[in-house]
Amino acid sequence: MAEDDFEPKIVAFLCNWCSYAGADLTGTSRIQYPPSVRVVRVMCSGRINPLLVLHALQQGADGVLISGCHPGDCHYIQGNYFARRRMNLITRLLEYVGIDSGRVQMSWVSASEGPKFADVIKKVTEDVRKLGPNEQFVREV
Amino acid sequence: MDAVLKKDRLDELITKLGYEVIAPVRKGTTVSFETVSKASDIAWDYANSVVPPKKIFFPQTEELFAFDGKTIAERTPETIKRMVLGIRPCDARSFAILDPLFTKDFKDPYYIRRRENTVLVGLACAIPGRNCFCTSLGAGPFDTTGLDLLLVDMGDRFLVRSVTEKGKTLLTENEELFEEATDEAGTADEIRERAESAIKRTVDVSGLPEKLKTLFDHPVWEDMAQTCLGCYNCTYLCPTCHCFDIQDEVRGRKGRRIRVWDSCSNPEYTLHGSGYNPRPGRKNRMRNRILHKYQYYPDNFGVIACVGCGRCASNCPVGLSIVEELSTLGGI
Amino acid sequence: MDEEKMRDTVRDLLSTGKVASVIGYEKGELGQGARPCIITSPDDADRLILTPMCKHNLTVYLTLEPPTDPEKKKVALIVKGCDARALIQVLQERGVERDDLVILGVPCTGMIEPDKLYQEVIEDDILEISEDGDTFIIKTRDGEQTLKKEDVLFDECLTCTYPTPLMADVMLGEPVEPRGGEASDPTEGMSAEERWAFWSDKFSKCIRCFACRQACPLCFCEVCAGDSLKPNWVKRSVNLSENTMWHFIRAFHHAGRCAECGACERACPVGIPLMTLNKRMAREAEDIFGYSSGTDPEAKPLLGSFKTDDEEDFIQ
C-alpha cells in the first residue's frame, strides 16, 4: 500500500566513467535531488550481475537503479550493451511474477548530464514511492 | 480398547480438545500435512503426503536463537498441545525409529518437547500406495507402532482403537463423543487383510544389515548410482532421514542460528574446507545413504531406518527403486 | 520410433568399440514405465527400449558431473526432439565436445504422462503400448483399450515445436511435423497482485531439493548460484524469500537457454509449474531478441552477445 510520506530506499549502481561522474556533477552544481538513493559505484554497467539487482530487493531495497554510459559511448566499448539485454530480461521476469518492474529501472546518464541525473532520481523516487515499501520477498533476517 | 466416532462429531472433538490439529490437506494434486480448523479440510482419501510429517517435529528450518549484538534470545521449545490426525502407520512408525536418535546422547529439546505434547491419531490404510512395501519391514497398513490411536475409515464413522495410555486417556476423557463398537472390528479385519494382500512390492531384509557389512568395496555401487541425478528428493521426502546442518544467518550485528535439513546426496555435505571431498561421486553418496539406513542405524539403534513408505521410489525423477536396490544387495 | 533399429545400432556401436557406453532407456519398475539406463556391453542392447513412456531428457548425463575421465571415452545417447535441442544448446556453450558423441535421434510424437495414463488403466495390468495415428492402443491383461493421445500426453508435448531432432548421427524414425499451438498459461490475464499471490503460493511449497536443477541438462555450472557461499545469494533457510530468490536465479539463468523439455517440472515433487515460468522467459527471448535456444550449435548465446540496436522500451 502506498503511503505518501514513505521515503523509498533506492540502491543505484552507477558506472564509474559516466553515470557516477554525472552524479558527482549534479552535486557540485548544487542541484537538489531526493535523499532516497544509496550509490554503489561500479566500473561499468556491464559488471552488474542481474542477481545483484534481485539481492538488493531481497535485502529490503524498495527500488534499484542501474545507470551507465549511453549506448555507443561505453568506456569499455560494449559493457552497456550486455547490461541492456540483462536488465530487459530481469524487468520482464519481475513483472511476470507480480513484482512491479517500476522498482527496477535503467538509465543512460553521461558525465556531463548533471541535471539529467537529478531528474532520473526524482522520477525513480516518485515511481517507487507510489508503489509503496517493498515487502514481497524481503529476507527475514 | 475399541470405540466408534461418527464422522460428523469430529468437529466437536476438535473444538473440545482445543489442540492445534495437523492433518493431510489436498492442494491441487499434492497432499501435505497442514494445520486445519475443521474436519472438512481433511483429505481422508489420500495415499500419502509428498513431504512426510517429520516436518512437524523436525521442521525444515528451525530457529534456535536470535541475537542483536547485545542479547541472545533463545527460542523456548514449544509446549502447545497438538494432534496429528490421519497420519499413516508408516509415518507414525518413523517417529518410533527417530525417537532414540533425538533422545540418546544429546536430548534434543525442540524435537522432544513437540513430541511429548502431540497426540498421534493414525489412519489405517485401506488401499496401499503403488510403491508401499511396509510389510517387508515388519510394519503394515494397520500397524500401531508410534501411534496413540488408530482410526479405521468405515464410511460414515471411524473405528477408534487405542494403542497407548495417552490414547486411552483421550477416549475416556471425551467419552460422550464416542460410541461403543459393535461389529466394526470384523469389518476392520477384512479391510486389513485386503490391504495387506494388495501390497505388491516386497523385499527380504532379513540379514541385510549383516550382509551390507561385507559390501562396502563391492563394484555393485557403481552400477546402482549410474543414473542417479544427485537431487535431494529421496532424503528430504524420507520419513526417517534426519540429517541437518546448523547455520548462522547474520546481517551486521543481528542474526539468528538455524537448523536446516541437509542431505547426504549433496556433495557439499562432506566437502572439506581444503576442497577435498571424501565422498566425491554419486556412487559414494548413494552407498552412504543405503548403508546408513540399513546397516549403521541398526548397529546403533537396533532398527532399520526405513518404514517402507516408498516415497523415495515414487518421487525419484529417474525411477530408481529402493526395493530393487535392496533385493540386488541382499542377493549378492 | 524404431526400437529394433535402435537396438541394432547400439549393438553395433558397442561391439565395434566406436563408443564406450550408451545412454538410453530401460523398462522402469515403479509406475514410470521407462527410466534412464547406461550400458557398456553389446549384450545389454536388448535391455534398451523406445516407447511413449521414455520421457526423461538423457542429455543431463553428459553434464551431470565434471568430466573425470582423462581418456574421454565416446558416448552414444538417445535424444528425442526436445532432448536434442538441449544438447545443441549445451554444445553451443561448449559443455561437451561434438566429437565425443554419437547422437541417436528419435523423432517424437509425444510422451505419455504416467499419472494421466494411470487414471485410465491400472499400471500393473499394462502389457504393451503401441501407437496408431492420434491414439495409443494399450494392451492389458483384460484386453485392449484405446486412448486419445491428447488425453494422456504431457502438456509440453501437446505444444511441441521441435519434435524431430535437429542434430543426429543416426535417425531412428521418420521426421515428425510439429503440433504447434500455444501453451496455456494459468497466470494469463491476472493482475500484478494476483500474479504475486499465485507465484508466492507456488514458491512457498518448494523444499529446495534441487531436483529441477539436477534433472536439467542446462544446469551445469561448476558452483551453482544456489549453492554458492561466496557470494551467498541464497541462504540455507527454506522460506518464501529464499525460495523466490532461487527460482528467480534459475529462471533468469535459463532465459534464452531453456530447451523447454519439461524435465524440471516432472522432477519437482511438490508440483511447482516451472515450465510456465521457463516458457515465459523463452518467449521473451524470442519476442524481444528473435533468439531461439538450442537450434544452432554455432550461434552465440543470447546474453553473451548483443545488437547495437537492441530494444530498450523498458527504459523510460
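Remarks
- If you plug the beta carbon distance of B:SER206 and B:LEU271 into 1/(1 + (r/R0)^6) with R0 = 56 Å, you get a FRET efficiency near 0.95.
- Within the stretch B:49-92, backbone nitrogen closer than 15 Å to the virtual label 7 Å beyond the Cα of B:ASN117 toward Cβ: B:56-59, B:63, B:75-84
- Summed side-chain charge close to C:LEU303 - residues other than C:LEU303 whose Cβ falls under 15 Å, Lys, Arg +1, Asp, Glu -1: +4
- For the stretch C:10-105, the antiparallel share of DSSP beta bridges with both residues in that region comes to about 50%.
- In plain terms, the C-alpha convex hull of the stretch B:208-330 casts an average shadow of 9.2 nm² when viewed from every direction.
- Taking the stretch A:23-44 and a reference point 7 angstrom along Cα→Cβ of A:GLU7, the backbone N atoms nearer than 12 Å belong to A:34-38.
- Cross-linked pairs C:LYS5/C:LYS300; C:LYS5/C:LYS55; C:LYS5/C:LYS27; B:LYS7/B:LYS166; B:LYS200/C:LYS148: Cα-Cα separations exceed 27 Å for C:LYS5/C:LYS300; B:LYS200/C:LYS148.
- Beta bridges by DSSP in the protein assembly as shown, antiparallel share as percent, to the nearest 5: 60
- Spatially proximal aspartates and glutamates relative to B:LYS38 (Cα-Cα < 13 Å; intrachain offsets below 8 disregarded): B:ASP8, B:ASP11, B:GLU12, B:GLU20
- The protein assembly as shown - convex hull of alpha carbons, volume per residue in Å³: 192
- Note on A:LYS9: lysines with a C-alpha under 26 Å away, same-chain residues under 8 apart excluded, are A:LYS116, A:LYS122, A:LYS123, A:LYS130, B:LYS254, C:LYS230, C:LYS235.
- Convex hull volume per residue, computed on the Cα atoms of the stretch B:227-280, equals 114 Å³.
- Using alpha-carbon coordinates, inclination of helix C:192-205 to the longest axis of chain C, degrees: 50
- Each peptide among C:137-148, B:44-55 gets the average number of other Cβ atoms lying within 10 Å of its residues, and from highest to lowest they stand as B:44-55, C:137-148.
- Computed label-point distance, nm, for sites A:ASP119 and C:GLU174 using a 7 Å Cα→Cβ extension: 6.4
- Pairwise Cα distances in the stretch B:2-198 exceed 29 Å for 25 percent of all pairs.
- Among complete DSSP H helices in chain B, those whose alpha-carbon atoms stretch at least 15 Å along the helix's long axis and whose mean Kyte-Doolittle hydropathy reaches 0.0 are B:89-103.
- Förster radius 30 Å - calculated FRET efficiency between C:ASP2 and C:ARG94 (Cβ-Cβ, nearest 0.05): 0.40
- Helix-derived mean residue ellipticity, 222 nm - over chain B, DSSP H n ≥ 4, -39500 (n - 2.57), to 500: -8500 deg cm²/dmol
- Counts of other chain beta carbons within 10 angstrom of each beta carbon in peptide B:253-266 average 2.
- Separation of alpha-carbon centers, the stretch B:97-171 and the stretch C:147-165, rounded to whole Å: 43
- DSSP-loop trypsin sites (Lys or Arg not before Pro) across the stretch B:201-269, with at most 14 other Cβ within 10 angstrom: B:ARG253
- Residue mean of other protein chain beta carbons inside 10 Å, C:266-275: 4
- When only the Cβ of Lys, Arg, Asp and Glu is charged (+1, +1, -1, -1), the dipole of the stretch C:1-146 relative to its Cα centre reaches about 660 debye.
- Counting only other chain Cβ atoms within 10 Å of each residue's Cβ, the peptide B:222-234 averages 6.
- Simple Cβ-charge dipole of the protein assembly as shown, Lys/Arg +1 and Asp/Glu -1, about Cα centre, in debye nearest 20: 2900
- For A:VAL104, the residues whose modelled amide H falls within less than 5 Å of its own, excluding neighbours fewer than 5 places apart on the same chain, are A:VAL64.
- Bridges between two residues of chain C, per DSSP, are antiparallel at a rate of about 65%.
- Sites B:ASP105 and C:ASP310 - FRET efficiency at Förster radius 51 Å, r taken between beta-carbons, to 0.05: 0.25
- Other residues lying with their Cβ under 12 Å from the Cβ of C:ILE126 contribute a combined charge of -4, Lys and Arg counting +1, Asp and Glu -1.
- Pairwise label distance in nanometres, B:ASP41 with B:ASP189, each label 7 Å out on the Cα-Cβ vector: 3.9
- Net charge of neighbours whose Cβ lies under 10 Å from the Cβ of B:GLN295, counting Lys and Arg as +1 and Asp and Glu as -1: +1
- Aspartates and glutamates whose Cα lies under 17 Å from that of B:LYS293, excluding same-chain neighbours fewer than 8 positions away: B:ASP91, B:ASP99, B:ASP204, B:GLU210, B:ASP262, B:GLU324, B:GLU325
- A cut-off of 5 Å between modelled amide H atoms, ignoring neighbours fewer than 5 places along the same chain, links B:CYS238 with no other residue.
- Listed values for the stretch A:114-126 are Karplus-derived 3J(HN,Hα) couplings in whole Hz (6.51 cos²θ - 1.76 cosθ + 1.60, θ = phi - 60°), namely x, x, 4, 4, 4, 5, 4, 5, 4, 5, 4, 4, 5, and x replaces Gly and Pro.
Throughout, read-outs are computed from the coordinates displayed, never taken from laboratory work. All values derive from a computational prediction rather than experimental measurement. For neighbour counting, all protein chains shown are included, and Cβ atoms are generated from backbone atoms with ideal geometry for every residue, glycine included.
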